[in-house]
Amino acid sequence: MEQVISIQKVTKKFKDKMAVNELSFSIQKGEVVAILGPNGAGKSTTILMMLGLLEATNGKIEVFQNSPKEKSIREKIGAMLQEVSVIDALKVKEVLQLFRSYYEKPMDFEELVILTGLNKEDLKKRADKLSGGQKRRLGFALALAGDPDLLFFDEPTVGMDISARKRFWDTVTTLKERGKTIIFSTHYLQEADDVAERILLFHNGKLVTDGTPHDIKNKLTKQSVSFMEKNGVPLSEIRSLPFVTEVYIKEHRIFVVTEQTDEVLAYLFEKKLGVTGIEIEKGRLDEAFEQLTKNKEVI
Ligand SMILES: Nc1ncnc2c1ncn2[C@@H]1O[C@H](COP(=O)(O)OP(=O)(O)OP(=O)(O)O)[C@@H](O)[C@H]1O
Ligand SMILES: [Mg+2]
């Protein structure tokens with residue numbers, strides 16, 4: 001696999017504020033990675049350092065095995081930052097053409113318009129006359145103008161309506177299919193769960209967990225099998241099963257907390273306990289997120 005990003009023991013201090021604290025991770029070609037974390041966790045700072053726009057206080061950052069400041073490396077990168085600022089006096093179409101002209105092999109203009117959902121009217125408007133959502137669409141188009149191999153999106157869907165959001169993620173999926181490496185930050189757990197194949201969870205400038213959405217949910221959230229009983233079930237026997245963490249009764253339902261829901265079901269059927277209304281509850285990513293950012297001892 002080709003390594004696209006390597007971060008080793010990177011620290012960023014702003015005066016005495018430790019924004020990023022001994023961060024290490026690497027990202028391979030073609031990965032779609034979400035950086036998740038509460039306000040002030042260090043997401044934007046890390047993205048800016050990977051873009052070569054902020055200098056790390058300590059540690060080493062390599063993008064395509066090189067410094068992110070190298071011109072040849074910068075040409076392979078596109079970004080949509082949290083703060084979008086554009087050249088106000090130009091029309092959208094002109095800004096796009098200008099950005100395309102910076103690159104040797106820019107993305108085809110028509111394709112750029114289609115992929116980002118800009119319409120004919122948007123193209124004729126002056127950039128400073130765009131609405132918030134339209135500005136983000138322009139920011140998206142500018143990120144794609146150079147047809148880059150590596151893309152960064154810092155909270156890309158803030159201010160987008162539902163259809164703009166859907167289009168954005170559909171385009172991200174298309175870009176992924178073309179082999180692009182995509183890194184985005186978000187507060188929306190659902191987006192990370194739906195789109196990313198890997199989540200880096202940040203808290204207080206540190207990486208607190210790194211895994212697939214599935215792994216993170218499995219590792220940190222409780223799953224349970226619940227049911228109603230008819231003829232009495234041997235609660236203490238269930239409680240002593242090796243794969244059961246806890247058993248409790250709530251509103252006439254028995255809840256069996258476990259990491260292996262299949263084993264609990266197999267046990268119930270094998271013993272012919274005649275239970276009814278079986279339900280399985282899987283953990284949710286927001287529970288995992290809450291647990292990780294509140295209570296670091298669980299890691
Ligand atoms: N230029 C700066 N000068 C001083 N402190 C800064 C600067 N930029 C960021 N910080 C501080 O560093 C910490 C991390 O900020 P950062 O913007 O990376 O967080 P974030 O995870 O992107 O948050 P958000 O979700 O709100 O965008 C915060 O405490 C912030 O106040
Ligand atoms: Mg930020």
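The values are calculated or read from the model by the stated rules, or taken from the named source; none is laboratory data. Note that the structure is a prediction, hence the values are computed from the model and not measured. With ideal geometry, Cβ positions are generated from the backbone for all residues, glycine too; neighbour counts draw on all protein chains shown.
Summary of values
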{"quantity": "Hey, LYS17 more than 16 Å from ligand 2 (Cβ to nearest atom), more than 19 Å from the chain's Cα centre (by Cα) and over 30 Å from LYS135 (Cα atoms) or not", "calculated": "no"}
{"quantity": "Subset of the range 26-72 [within 16 Å of ligand 1 (Cβ to nearest atom), closer than 21 Å to LEU175 by Cβ and either touching a Pro at 6+ places or on another chain (Cβ under 8 Å) or not in a helix (DSSP H, G or I) (or both)]", "calculated": "VAL33, ALA34, ILE35, LEU36, MET50, LEU51"}
{"quantity": "So LYS17, is it in contact (Cβ under 8 Å) with a residue 24 or more places away in the chain and either away from ligand 1 (no atom under 15 Å from the Cβ) or out of contact with any Leu (no Cβ under 6 Å at 6 or more places or on another chain) (or both)", "calculated": "no"}
{"quantity": "Positions within the range 176-189 being away from ligand 1 (no atom under 16 Å from the Cβ), out of contact with any helix residue (DSSP H, G or I) (no Cβ under 8 Å at 6 or more places or on another chain) and in contact (Cβ under 8 Å) with a residue 60 or more places away in the chain, in sequence order", "calculated": "LYS176, GLY179, LYS180, THR181"}
{"quantity": "Selected residue (only one of ASN231, ASN204 is in contact (Cβ under 8 Å) with a residue 40 or more places away in the chain and in the same structural domain as VAL10 (by TED's automatic domain parsing))", "calculated": "ASN204"}
{"quantity": "Single residue of the range 122-165 satisfying the filter (at pLDDT 90 or above and at positive phi) that is farthest from ligand 2 (Cβ to nearest atom)", "calculated": "ASP147"}
{"quantity": "Any chance ASP88 is charged (D, E, K, R), crowded, with 17+ Cβ neighbours inside 10 Å and either outside any helix (DSSP H, G or I) or touching a strand residue (DSSP E or B) at 6+ places or on another chain (Cβ under 8 Å) (or both)", "calculated": "no"}
{"quantity": "Residue satisfying all of: in the range 251-276; modelled with pLDDT under 90 and of a type in the set (Asp, Glu); nearest to ILE238 (Cα to Cα) among these", "calculated": "GLU259"}
{"quantity": "All positions within the range 126-165 that are of a type in the set (Asp, Glu), more than 16 Å from ligand 1 (Cβ to nearest atom) and over 18 Å from ILE114 (Cβ atoms)", "calculated": "ASP128, ASP149, ASP161"}
{"quantity": "Hits in the range 166-201 - residues which are more than 16 Å from ligand 2 (Cβ to nearest atom), under 17 Å from GLY133 (Cβ atoms) and of a type outside the set (A, V, I, L, M, F, W, C)", "calculated": "LYS166, ARG167, ASP170, THR171"}
{"quantity": "Positions within the range 153-171 being crowded, with 21+ Cβ neighbours inside 10 Å and part of a helix (DSSP H, G or I), in sequence order", "calculated": "PHE168"}
